[in-house]
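A.B. asks: The structure under discussion is supplied below as structure tokens; questions concerning it will follow.
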Amino acid sequence: MPVMDIAEQKLKRPFPVSKLKWRDGPHGKELVYIDARDVMNRLDEVCGPSMWKSFISRTPDGVNHCTISIYSNTLKEWIEKSDGSDDTKIEPIKGGISEAFKRAAVHWGVARYLYHHGAFDENRTPAHWATPEGYDEIMDKRSVSSVVKNVK
């Protein structure tokens, strides 16, 4: 298994349980999410405040569209990933923009694990791999096994 780029590894790192929020979803299901500010903080921490940017637009039919660009020092260019969202029920336009931003961040790996059906049990307890500590253990093992494999 290839070793992840360190920035990719840091973007994908699970958030502390204290940062997670829950709400009712469709079909009586509970949905877990993070705040858009947590995504901004993660991008600042991993990329640096001046090495990422977002662009928000709204289509004529009212869909909020967000593109998050991260500067690649390797490629010497901006790489973009985008997604969109309808307005939300609470603070419709602002909520829709935040949703589009968070959805675009998922394309970068930020909080993508929240969509995995095995990430939490019925008591909202995260699987070990869905915690910062568990994730770090897995990444450390992968890094060590990669080094050992490359030495042979």
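The values are calculated or read from the model by the stated rules, or taken from the named source; none is laboratory data. Quick caveat, the model's predicted, so the values are computed rather than measured. Don't worry about glycine lacking a Cβ; one is built from the backbone with ideal geometry, like all the others, and counts go over all protein chains shown.
A.B. asks: Would you confirm whether any residue within the stretch 140-152 is among the hydroxyl-bearing types (Ser, Thr, Tyr), within 24 Å of residue 30 (Cα to Cα) and either free of Cβ contacts under 8 Å to residues at least 60 places away in the same chain or part of a helix (DSSP H, G or I) (or both)?
C.D. replies: Of the residues in the stretch 140-152, the ones among the hydroxyl-bearing types (Ser, Thr, Tyr) are 143, 145-146.
Now restrict to residues that are within 24 Å of residue 30 (Cα to Cα): none.
Scanning the stretch 140-152, I find no residue that is among the hydroxyl-bearing types (Ser, Thr, Tyr), within 24 Å of residue 30 (Cα to Cα) and either free of Cβ contacts under 8 Å to residues at least 60 places away in the same chain or part of a helix (DSSP H, G or I) (or both), so the answer is no.
A.B. asks: Further, regarding this structure: Restricting the first residue to the stretch 14-41 and requiring it to be over 25 Å from residue 68 (Cα atoms), which pairs with a second residue that is at pLDDT 95 or above meet a Cβ separation below 6 Å and a spacing of at least six or different chains?
C.D. replies: Correct list of pairs: 30/22.
A.B. asks: While we're here: Look at residue 135 and say whether it is part of a strand (DSSP E or B) and surrounded by 15 or more Cβ atoms within 10 Å (Cβ to Cβ).
C.D. replies: Taking the combined requirement at face value, the residue does not satisfy it.
A.B. asks: Let me ask you something else. Restricting the search to the stretch 88-108, which residues are under 19 Å from residue 14 (Cα atoms) and not in a loop (DSSP other than H, G, I, E, B)?
C.D. replies: Within the stretch 88-108, 99, 101, 102, 103, 104, 105, 106, 107 qualify.
A.B. asks: Can you pull out the residues in the stretch 35-64 that are under 22 Å from residue 89 (Cβ atoms) and out of contact with any helix residue (DSSP H, G or I) (no Cβ under 6 Å at 6 or more places or on another chain)?
C.D. replies: Once the filter is applied, which keeps residues that are under 22 Å from residue 89 (Cβ atoms) and out of contact with any helix residue (DSSP H, G or I) (no Cβ under 6 Å at 6 or more places or on another chain), the stretch 35-64 yields 35, 37, 57, 58, 59, 60, 61, 62, 63.
A.B. asks: Just the residues that are exposed (fewer than 12 other Cβ atoms within 10 Å of the Cβ) and either assigned to a helix (DSSP H, G or I) or among the hydroxyl-bearing types (Ser, Thr, Tyr) (or both), please, taken from the stretch 1-57.
C.D. replies: Scanning the stretch 1-57 gives 6, 18, 26, 27, 28, 37, 50.
A.B. asks: List the number of the failed condition for residue 75; all other conditions in (1) outside the structural domain of residue 20 (by TED's automatic domain parsing); (2) surrounded by 15 or more Cβ atoms within 10 Å (Cβ to Cβ); (3) aliphatic (A, V, I, L, M); (4) under 28 Å from residue 6 (Cβ atoms) hold.
C.D. replies: Going through the list (1) outside the structural domain of residue 20 (by TED's automatic domain parsing); (2) surrounded by 15 or more Cβ atoms within 10 Å (Cβ to Cβ); (3) aliphatic (A, V, I, L, M); (4) under 28 Å from residue 6 (Cβ atoms), residue 75 breaks only (2).
A.B. asks: List the residue pairs whose Cβ atoms are under 8 Å apart, where the first residue sits in the stretch 65-77 and is farther than 10 Å from residue 52 by Cα, the second is polar (S, T, N, Q) and assigned to a loop (DSSP other than H, G, I, E, B), and the two are 6 or more positions apart or on different chains.
C.D. replies: Every condition considered, the pairs that remain are 65/59.
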